[in-house]
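First up is the structure itself, then whatever we jot down about it.
The values are calculated or read from the model by the stated rules, or taken from the named source; none is laboratory data. In this text the structure is predicted, and so the values were computed from the model without any measurement. When the accessible area is computed, the model is the full protein with side chains, heavy atoms only, and any ligands, DNA or RNA have been set aside. Shrake-Rupley method; radii C 1.70, N 1.55, O 1.52, S 1.80 Å.
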Amino acid sequence: MGGRFKLGGIVVASLLAFAPAVGAEDMSSGSPTLSGSARSATPRAAAIPDHLSSDRVMGRADAPITIIEYASFTCSHCATFANEVLPTIKREFIDTGKAKLIFRDLPTPPVQVSNTAAGIGRCAAPDRFFDVANYLMREQSEAFASRNIEQWLVGSIAVSGRTTEEVIECMRRPQITQTLLEDVASASAAGVNSTPAVFVNGRRVQDHSLAGLRAALQPLVR
(Lines give C-alpha, C1' and ligand atoms only; values in the text may rest on other atoms or scores of the structure.)
Protein backbone atom coordinates (compact mmCIF):
# COMPACT_ATOMS: atom_id res chain seq x y z
CA MET A 1 0.00 0.00 0.00
CA GLY A 2 1.42 3.36 -0.92
CA GLY A 3 0.42 6.95 -1.45
CA ARG A 4 0.07 9.93 0.84
CA PHE A 5 -1.71 9.62 4.16
CA LYS A 6 -3.12 11.85 6.86
CA LEU A 7 -0.46 11.57 9.53
CA GLY A 8 -0.99 14.80 11.41
CA GLY A 9 -1.13 15.11 15.17
CA ILE A 10 1.38 15.09 17.98
CA VAL A 11 0.52 11.55 19.04
CA VAL A 12 1.15 9.99 15.64
CA ALA A 13 4.23 12.13 15.05
CA SER A 14 5.64 10.76 18.30
CA LEU A 15 4.75 7.19 17.40
CA LEU A 16 6.36 7.45 13.96
CA ALA A 17 9.45 9.06 15.45
CA PHE A 18 10.05 6.13 17.77
CA ALA A 19 8.87 3.33 15.47
CA PRO A 20 11.35 0.46 15.19
CA ALA A 21 13.75 1.22 12.33
CA VAL A 22 13.36 -2.03 10.45
CA GLY A 23 12.81 -2.42 6.74
CA ALA A 24 13.75 -4.26 3.58
CA GLU A 25 17.42 -3.49 4.06
CA ASP A 26 17.40 -5.63 7.19
CA MET A 27 16.72 -8.77 5.17
CA SER A 28 19.91 -10.70 4.39
CA SER A 29 18.33 -11.79 1.13
CA GLY A 30 14.97 -11.34 -0.49
CA SER A 31 12.62 -8.57 0.59
CA PRO A 32 9.60 -8.30 2.85
CA THR A 33 8.09 -5.72 0.53
CA LEU A 34 6.15 -8.19 -1.62
CA SER A 35 2.76 -9.10 -0.24
CA GLY A 36 0.26 -11.63 -1.41
CA SER A 37 0.18 -15.38 -1.74
CA ALA A 38 0.34 -15.10 -5.52
CA ARG A 39 3.96 -13.98 -5.19
CA SER A 40 5.08 -16.49 -2.55
CA ALA A 41 8.55 -17.82 -3.25
CA THR A 42 9.72 -21.33 -2.55
CA PRO A 43 11.67 -21.15 0.73
CA ARG A 44 15.27 -22.23 1.06
CA ALA A 45 16.18 -25.23 3.18
CA ALA A 46 16.78 -23.26 6.39
CA ALA A 47 14.35 -24.30 9.07
CA ILE A 48 11.86 -21.97 10.69
CA PRO A 49 12.73 -21.71 14.39
CA ASP A 50 10.09 -23.18 16.67
CA HIS A 51 10.63 -20.48 19.27
CA LEU A 52 11.85 -16.88 19.35
CA SER A 53 12.05 -14.69 22.43
CA SER A 54 9.67 -12.24 20.76
CA ASP A 55 6.93 -14.75 19.87
CA ARG A 56 3.30 -13.88 20.59
CA VAL A 57 1.30 -17.08 21.05
CA MET A 58 -2.42 -17.75 20.69
CA GLY A 59 -3.58 -20.99 22.25
CA ARG A 60 -2.16 -23.60 24.59
CA ALA A 61 1.61 -23.68 24.83
CA ASP A 62 1.58 -27.48 24.74
CA ALA A 63 -0.70 -27.79 21.70
CA PRO A 64 0.68 -30.52 19.41
CA ILE A 65 0.38 -28.50 16.19
CA THR A 66 2.24 -25.22 15.70
CA ILE A 67 1.09 -22.64 13.17
CA ILE A 68 3.61 -19.85 12.54
CA GLU A 69 2.43 -16.78 10.66
CA TYR A 70 4.69 -14.02 9.32
CA ALA A 71 2.51 -11.00 8.64
CA SER A 72 2.45 -7.23 8.28
CA PHE A 73 -0.24 -4.88 9.51
CA THR A 74 -0.09 -2.96 6.21
CA CYS A 75 -0.47 -6.08 4.04
CA SER A 76 -3.97 -6.43 2.58
CA HIS A 77 -3.59 -10.19 2.06
CA CYS A 78 -2.64 -10.53 5.73
CA ALA A 79 -5.83 -8.69 6.68
CA THR A 80 -7.85 -11.04 4.50
CA PHE A 81 -6.25 -14.03 6.22
CA ALA A 82 -6.84 -12.54 9.67
CA ASN A 83 -10.43 -11.56 9.00
CA GLU A 84 -11.68 -14.43 6.83
CA VAL A 85 -9.58 -17.50 7.61
CA LEU A 86 -8.14 -17.22 11.11
CA PRO A 87 -11.45 -16.94 13.03
CA THR A 88 -12.55 -20.38 11.83
CA ILE A 89 -9.09 -21.90 12.36
CA LYS A 90 -9.12 -20.47 15.87
CA ARG A 91 -12.51 -21.96 16.64
CA GLU A 92 -11.79 -25.40 15.14
CA PHE A 93 -8.13 -25.95 16.03
CA ILE A 94 -6.79 -23.37 18.51
CA ASP A 95 -9.67 -23.06 20.96
CA THR A 96 -9.94 -26.86 21.06
CA GLY A 97 -6.27 -27.27 22.05
CA LYS A 98 -5.24 -28.98 18.82
CA ALA A 99 -3.01 -26.14 17.60
CA LYS A 100 -1.38 -22.90 18.66
CA LEU A 101 -0.60 -19.84 16.51
CA ILE A 102 2.68 -17.94 16.73
CA PHE A 103 2.57 -14.46 15.21
CA ARG A 104 5.75 -12.88 13.83
CA ASP A 105 6.18 -9.47 12.21
CA LEU A 106 7.49 -8.99 8.69
CA PRO A 107 7.00 -5.29 7.82
CA THR A 108 5.82 -4.29 4.34
CA PRO A 109 5.36 -0.86 2.72
CA PRO A 110 4.71 1.75 3.88
CA VAL A 111 7.39 0.43 6.23
CA GLN A 112 7.31 3.36 8.67
CA VAL A 113 3.60 2.74 9.21
CA SER A 114 3.90 -1.04 9.47
CA ASN A 115 6.82 -0.70 11.89
CA THR A 116 4.76 1.69 14.01
CA ALA A 117 1.83 -0.71 14.09
CA ALA A 118 4.18 -3.58 14.97
CA GLY A 119 5.69 -1.48 17.75
CA ILE A 120 2.27 -0.74 19.22
CA GLY A 121 1.52 -4.45 19.25
CA ARG A 122 4.80 -5.24 20.98
CA CYS A 123 4.16 -2.56 23.58
CA ALA A 124 0.63 -3.72 24.39
CA ALA A 125 -0.12 -5.33 27.74
CA PRO A 126 0.98 -9.00 27.67
CA ASP A 127 -2.56 -10.32 27.22
CA ARG A 128 -3.66 -7.65 24.76
CA PHE A 129 -1.42 -8.21 21.72
CA PHE A 130 -4.04 -10.11 19.77
CA ASP A 131 -6.64 -7.45 20.61
CA VAL A 132 -4.34 -4.93 18.93
CA ALA A 133 -3.63 -7.25 16.01
CA ASN A 134 -7.32 -7.99 15.45
CA TYR A 135 -8.15 -4.28 15.50
CA LEU A 136 -5.38 -3.36 13.05
CA MET A 137 -6.35 -6.09 10.60
CA ARG A 138 -10.09 -5.46 10.91
CA GLU A 139 -9.80 -1.71 10.36
CA GLN A 140 -6.92 -1.77 7.87
CA SER A 141 -8.98 -1.51 4.69
CA GLU A 142 -10.98 1.49 5.90
CA ALA A 143 -7.88 3.22 7.25
CA PHE A 144 -6.06 3.04 3.93
CA ALA A 145 -9.16 3.81 1.86
CA SER A 146 -9.75 6.97 3.89
CA ARG A 147 -5.99 7.61 4.21
CA ASN A 148 -6.55 8.33 7.87
CA ILE A 149 -3.73 6.32 9.36
CA GLU A 150 -3.71 8.50 12.48
CA GLN A 151 -7.12 7.30 13.65
CA TRP A 152 -6.15 3.69 12.89
CA LEU A 153 -2.97 3.80 14.97
CA VAL A 154 -4.56 5.71 17.84
CA GLY A 155 -7.47 3.28 17.82
CA SER A 156 -5.07 0.37 18.21
CA ILE A 157 -3.57 1.97 21.32
CA ALA A 158 -7.07 2.22 22.79
CA VAL A 159 -7.31 -1.59 22.89
CA SER A 160 -3.69 -2.18 23.96
CA GLY A 161 -4.18 -1.97 27.71
CA ARG A 162 -1.59 0.84 27.80
CA THR A 163 -1.78 4.61 27.73
CA THR A 164 -0.42 6.52 24.75
CA GLU A 165 2.45 7.78 26.89
CA GLU A 166 3.31 4.22 27.96
CA VAL A 167 3.33 3.01 24.37
CA ILE A 168 5.55 5.87 23.18
CA GLU A 169 7.98 5.30 26.06
CA CYS A 170 8.03 1.56 25.34
CA MET A 171 8.78 2.12 21.65
CA ARG A 172 11.91 4.07 22.58
CA ARG A 173 13.47 0.93 24.06
CA PRO A 174 16.18 -0.72 21.92
CA GLN A 175 14.78 -4.18 22.64
CA ILE A 176 11.64 -3.36 20.66
CA THR A 177 13.72 -2.92 17.52
CA GLN A 178 15.80 -5.97 18.40
CA THR A 179 12.79 -8.24 18.75
CA LEU A 180 11.39 -7.03 15.45
CA LEU A 181 14.77 -7.66 13.81
CA GLU A 182 14.70 -11.17 15.28
CA ASP A 183 11.43 -11.88 13.49
CA VAL A 184 12.72 -10.44 10.21
CA ALA A 185 16.00 -12.37 10.43
CA SER A 186 14.22 -15.67 11.02
CA ALA A 187 12.04 -15.06 7.95
CA SER A 188 15.07 -14.13 5.84
CA ALA A 189 16.94 -17.27 6.86
CA ALA A 190 14.06 -19.39 5.56
CA GLY A 191 13.71 -17.46 2.30
CA VAL A 192 10.41 -15.83 3.23
CA ASN A 193 9.89 -12.71 1.12
CA SER A 194 6.13 -12.31 1.03
CA THR A 195 3.27 -11.99 3.46
CA PRO A 196 1.37 -13.71 4.84
CA ALA A 197 3.73 -16.67 5.12
CA VAL A 198 2.20 -19.57 7.02
CA PHE A 199 3.96 -22.67 8.35
CA VAL A 200 2.43 -25.73 9.99
CA ASN A 201 4.85 -27.78 12.08
CA GLY A 202 7.71 -26.23 10.12
CA ARG A 203 6.32 -26.82 6.62
CA ARG A 204 5.21 -23.87 4.53
CA VAL A 205 1.57 -23.82 3.46
CA GLN A 206 1.26 -22.07 0.12
CA ASP A 207 -2.54 -22.11 0.04
CA HIS A 208 -3.72 -19.57 2.64
CA SER A 209 -7.41 -20.21 2.06
CA LEU A 210 -9.53 -21.82 4.75
CA ALA A 211 -9.68 -25.03 2.74
CA GLY A 212 -5.93 -24.99 2.18
CA LEU A 213 -5.06 -24.49 5.83
CA ARG A 214 -7.60 -27.05 6.98
CA ALA A 215 -6.04 -29.54 4.56
CA ALA A 216 -2.63 -28.93 6.13
CA LEU A 217 -3.90 -29.19 9.70
CA GLN A 218 -6.41 -32.00 9.67
CA PRO A 219 -3.99 -34.89 8.95
CA LEU A 220 -1.95 -33.83 12.00
CA VAL A 221 -4.86 -33.98 14.42
CA ARG A 222 -4.74 -36.95 16.79
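A few comments on the model shown:
- Size check on segment 144-222: the Cα extents along the three principal axes, sorted descending, read 46, 30, 28 Å.
- Remark: relative contact order (segment 105-222) = 23 percent; criterion is Cα-Cα distance under 8 angstrom and separation of 6 or more residues.
- Euclidean distance between Cα centres, segment 156-222 to segment 63-118, Å: 6
- Cα point-scatterer Debye curve for segment 64-147, base-10 log of I(q)/I(0) at q = 0.14, 0.16, 0.21, 0.22 Å⁻¹: -0.48, -0.62, -1.03, -1.11
- Computed from backbone phi with θ = phi - 60° and the Karplus coefficients 6.51, -1.76 and 1.60, the 3J(HN,Hα) list for segment 128-141 is 10, 4, 6, 5, 5, 4, 4, 4, 4, 6, 5, 9, 4, 4 Hz; x is used for glycine and proline.
- Computed Rg/Rh of segment 100-177, alpha carbon atoms with Kirkwood Rh: 0.94
- Rounded to the nearest whole Hz, the Karplus-based 3J(HN,Hα) values (6.51 cos²θ - 1.76 cosθ + 1.60, θ = phi - 60°) of segment 71-85 follow the sequence 8, 10, 6, 10, 9, 5, 5, 5, 5, 4, 4, 5, 8, 10, 10, with x at glycine and proline.
- Average Cα contact separation per residue, segment 54-163, under 8 Å, 6 or more apart, as relative contact order %: 31
- Amide H to amide H distances under 5 Å link Thr195 with Ser35, Gly36, where only residues 5 or more positions off or on other chains count and H is placed in the peptide plane.
- Shape call, segment 143-190: gyration tensor on alpha carbons, a/c limit 1.5: oblate
- Heavy-atom surface of segment 46-182, accessible at 1.4 Å and reported per residue (Å²): 41
- Computed 3J(HN,Hα) for segment 155-160, one whole-Hz value per residue from the Karplus formula 6.51 cos²θ - 1.76 cosθ + 1.60 where θ = phi - 60°, is x, 5, 5, 4, 9, 7, glycine and proline marked x.
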